[in-house]
């Protein structure tokens with residue numbers, strides 16, 4: 001076994017214990033989990049490299065080469081680890097994950113069945129290694145991608161080191177940054193110096209990455225580089241919080257606007273940072289914030305923020321002044337909660353109360369009219385006119401009952417027709433107390449809106465009243481009211497077992513108001529049809545579409 005194959009085997013043996021150590025240190029830490037995955041994948045890749053270098057023949061080497069075709073995934077997971085470490089916000093987008101792993105899967109898929117990434121291996125003094133394909137297009141693309149993906153973490157870590165102000169985080173970034181230089185120098189030597197000088201050197205990239213992971217693992221235990229600090233926690237909380245947050249200088253210019261502020265207002269971070277807070281708040285609200293900055297403690301007040309497109313949004317703003325240990329004012333912290341849903345709920349509740357009051361007043365007014373008609377009818381001696389007053393009063397009662405049901409219901413727009421019909425018909429029968437009438441109400445559990453319930457109620461009132469007046473000369477009988485729905489079509493049936501309507505009477509052209517009203521309400525209001533079935537008694541069948549299902 002040559003020394004180079006031995007170095008790959010050693011790298012493999014090192015990576016797996018590192019994965020176990022880091023994972024056990026804190027299994028719930030996202031950084032630890034991704035770092036563990038990096039160690040496992042690199043350990044597997046190092047073992048396939050060991051198998052390739054010490055293979056007995058070309059066929060065995062080819063098998064090991066194909067087993068290591070997943071090498072692009074190792075690079076992608078490594079970059080993912082650095083993005084999490086550097087707290088990059090690009091991870092909030094699904095596009096980032098696609099760009100991160102899609103090319104790796106593409107190159108892996110090509111490397112397994114085809115020679116486009118590497119051809120059959122050849123022997124060198126350090127063992128077997130891959131051969132550049134005759135058509136090097138895919139190979140060159142994969143090499144450029146790999147070089148970019150292994151260099152980018154160095155840039156990201158450097159930017160994080162430069163950006164962070166917390167000394168602890170800056171020290172951690174510097175430690176990881178130093179560890180990154182190990183594989184970078186090896187890659188530079190293999191991909192850069194070797195081709196220029198013509199000196200063949202073995203590719204020790206996998207071993208170099210194993211060294212880097214070892215250094216980082218040492219830092220995890222020695223310096224707690226992945227342990228949560230108050231500064232990291234505060235940064236993560238600000239980023240993840242659902243409330244809008246502004247950190248403002250004492251002169252009113254924005255230092256920080258969290259992601260929720262950007263989303264709610266439609267601005268990007270550069271569009272808000274360094275701008276006066278007046279671009280977000282109305283002038284009167286900014287004056288209140290300025291006054292609050294002169295007072296100690298927290299001030300809570302309803303205010304209005306203005307989005308990028310000029311839309312106003314109500315918010316509850318909590319304003320406090322940030323001070324140092326000497327009570328010198330350093331800045332203003334403004335946290336806002338969106339009150340849009342709360343305001344809409346309040347408005348809906350207000351409208352609900354108002355609508356209830358309207359139904360209540362309409363019902364009361366109709367009852368007053370009904371009472372006036374009842375009083376007036378006492379002074380009428382002509383039975384014909386007294387009956388007209390009684391019919392009018394019953395019609396008003398049928399409409400008043402609808403508003404009473406709506407007032408009592410949780411749903412202010414629809415009423416339960418079964419309950420309504422039962423109360424309406426029972427009330428009509430009671431008004432003709434000198435008869436022995438059996439009532440049968442057969443109604444489905446249907447809810448109708450006011451525009452449909454009112455004509456239905458009037459139709460039932462007319463036909464039941466007509467039956468009570470004319471169908472039972474002997475003052476005994478049965479009245480049946482049915483309401484059923486099938487595929488959006490409602491069928492209303494009012495039937496009695498009385499003497500029936502003579503064949504000589506055309507109910508659609510009769511001079512009596514009641515039957516004419518039934519036809520008008522059915523055809524004009526409900527846009528339905530009314531049919532009369534003569535037989536043992538009288539049966540009116542009215543069909544119409546439920547208003548919610550009308551095209």
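All of the numbers you see were taken from the coordinates with simple rules; none came from a lab. Remember, it's a predicted structure, so these values are computed and weren't measured experimentally. Counting neighbours? That spans all protein chains shown, and the Cβs are built from the backbone with ideal geometry, glycine included.
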For this session: Can you check how the C-alpha radius of gyration of the stretch 449-551 compares to 2.2 N^0.38 Å, as a plain ratio?
Result: 1.07
For this session: Compute the FRET efficiency between residue 63 and residue 131 as 1/(1 + (r/R0)^6), taking r as their Cβ-Cβ distance and R0 = 25 Å, and round to the nearest 0.05.
Result: 0.95
Problem set entry | Two-decimal Rg/Rh across the stretch 52-150, once Rg and the Kirkwood Rh are taken from alpha-carbon atoms | 1.06
For this session: Find the centroid of the Cα atoms in the stretch 165-180 and in the stretch 322-342, then give the distance between the two in whole Å.
Result: 30 Å
For this session: Please give the FRET efficiency for residue 486 paired with residue 382, using the beta carbon to beta carbon distance and R0 = 41 Å, rounded to the nearest 0.05.
Result: 0.35
Exercise. Going 7 Å from the Cα of residue 505 in the Cα-to-Cβ direction, what parts of the stretch 476-495 have a backbone nitrogen less than 18 Å from that spot?
Worked result: 476-480, 494-495
Problem set entry | Difference of contour (0.36 nm per residue) and Cα-Cα distance, residue 89 to residue 308 | 76.7 nm
For this session: Give me the percent of Cα-Cα pairs in the stretch 1-96 that sit more than 21 Å apart, rounded to a whole number.
Result: 42 percent
Problem set entry | Viscosity 0.692 mPa s, temperature 37 °C, Stokes-Einstein D of the stretch 241-338 from Kirkwood C-alpha radius, µm²/s | 247 µm²/s
Exercise. How far apart, in nm, are the 7 Å Cα→Cβ label points at residue 430 and residue 290?
Worked result: 6.9 nm
For this session: Identify the residues of the stretch 314-344 with backbone N under 16 Å of a label point that sits 7 angstrom from the Cα of residue 283 along the Cα-to-Cβ direction, or state none.
Result: none
Exercise. Between residue 154 and residue 122, what is the spin-label point distance in nm, taking each point 7 Å from the Cα along the Cα→C-beta axis?
Worked result: 2.9 nm
Exercise. Which Rg and Dmax, in Å, describe the Cα atoms of the stretch 294-343?
Worked result: 13.6, 42
Exercise. Semi-axes of the stretch 3-233's equivalent ellipsoid from the Cα gyration tensor, sqrt of 5 times each eigenvalue, largest first, rounded to whole Å?
Worked result: 32, 19, 17
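Under 8 Å for C-alpha pairs, at least 6 residues apart: give me the relative contact order for the stretch 1-63, rounded to a whole percent. Can you show the working numbers first?
Values: 58 pairs, mean separation 27.1, N = 63.
Relative contact order comes out at 43 percent.
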